[in-house]
Structures are given as structure tokens and as C-alpha cells.
Amino acid sequence: MVPPSSDVAVIKNVNNSNPNYGDIIEWSIIVTNNGPDDVESVNVYDVLPKGLEYIDYTSTSGQYSDGLWEIDYLKNGGSESLAIRCVVKALGTIRNSVEVVPSQYDWNRSNNKDSEIVTGNPIADLSLIKSVNVSGANYLDLIKWSLVVTNN
């Protein structure tokens, strides 16, 4: 008897690859069983890297917690999806990777990993305070304007 086998593939996308610091982004992960057999359980590892702060998730099947999405059953030809929302808390390049590991033999491991990159852009919160040294100046009086710009 030949044990069950499958070709479980994963695809990862992000809704905004060029977010600003503080923006909310959403990662989408699709796991597909290309067969030939059904899979009893699938573990999908997607630990958010430093610079991404977890908010929540939605999935078509299973539970996601602490970087692990557990799918109880994936039929031949079937797909399940996971969406993870997070806040960008870092600047520069942030790579987020995913790996799928089925409970049985996977004859094509070349499609078991995927990753996407986002680039966190800096933002500024500028404030301006303008003041004058004399509030009731007369004609030809010298006055001094002061401008203070702060990047909050």
C-alpha cells in the first residue's frame, strides 16, 4: 500500500507594500492542496517579524495563534485562506515569510514557502508656533517674530 501524498502550496500577498509608519496592512495567505490525496492536517507558520504589530485575523478554516495557523483538513483540490491585519511599527524593509507543512508526504516542496516585503515609510507630525516680542507695536517700532517648528 502506498501512503497518502499531496502537493500543498502556499501563496502570500500584502494589500500595501509601501505603507507609512503606523498604517494598518493586511497579509493574505492561500493554502491549496494540489493532490492527489486529501490531507488530514496542515500547519502554516507565519510569525510576524519585528516591526509588525498584530491586530487580528480571519480565516476560512482553523485557528491562528502565535504565528501558527492550524488547518484540520484540506481536501484534494481545496484551498483555505487566512488574512492577518497588523500595524507597521518600523521603517525600511520588512520581510514576512510563510511556510506550509502538511501532516503527510508532500511530493513537491518547492511551493511550500513564500514571502513578501513591505517598506515602512517615515512620516512626520509637524507643529508650528509663531510669536512676536511686542504685542502693541507702534509705527516704525522694531518687532521680532519667532517661529518654532517641532517634529512630534
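The table below lists the values:
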read-out: Dipole of the chain, positive end: most advanced residue of 92, 10, 134 [Cβ charges, Cα centre]; value: 134
read-out: Unit charges on C-beta of K, R, D, E only; dipole of the chain, Debye; value: 880 debye
read-out: Fraction of accessible area attributable to carbon and sulfur, the chain (%, probe 1.4 Å); value: 51 percent
read-out: Heavy-atom accessible area per residue - the range 40-106, 1.4 Å, Å²; value: 53 Å²
read-out: Segment residue 41-residue 107, length gained on full extension (0.36 nm per residue, minus Cα span); value: 22.2 nm
read-out: Under the Debye formula (equal points on every Cα, no solvent term), log10 I(q)/I(0) of the range 28-74 at q = 0.24 Å⁻¹; value: -0.93
read-out: log10 of Debye I(q)/I(0), alpha-carbon scatterers only, for the range 15-97 at 0.18, 0.19, 0.24 Å⁻¹; value: -0.75, -0.81, -1.10
read-out: The chain - percent relative contact order, Cα under 8 Å, separation 6 or more; value: 29 percent
read-out: Partners for residue 75 among lysines (Cα-Cα distance below 30 Å; same-chain residues under 8 apart left out); value: 12, 113
read-out: Gap separating the Cα centres of the range 113-151 and the range 1-73, nearest whole Å; value: 44 Å
read-out: Taking the C-alpha atoms of the range 29-152, convex hull volume expressed per residue in Å³; value: 143 Å³
read-out: Largest to smallest principal axis extent of the C-alpha atoms in the range 74-135, angstrom; value: 82, 19, 15
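The values are calculated or read from the model by the stated rules, or taken from the named source; none is laboratory data. These numbers come from a predicted model, not from an experiment. Neighbour counts run over all protein chains shown; Cβ positions are idealised from the backbone, glycine included. Quick note on the areas: whole protein, heavy atoms, side chains included, nothing else; ligands and nucleic acids left out. Shrake-Rupley method; radii C 1.70, N 1.55, O 1.52, S 1.80 Å.
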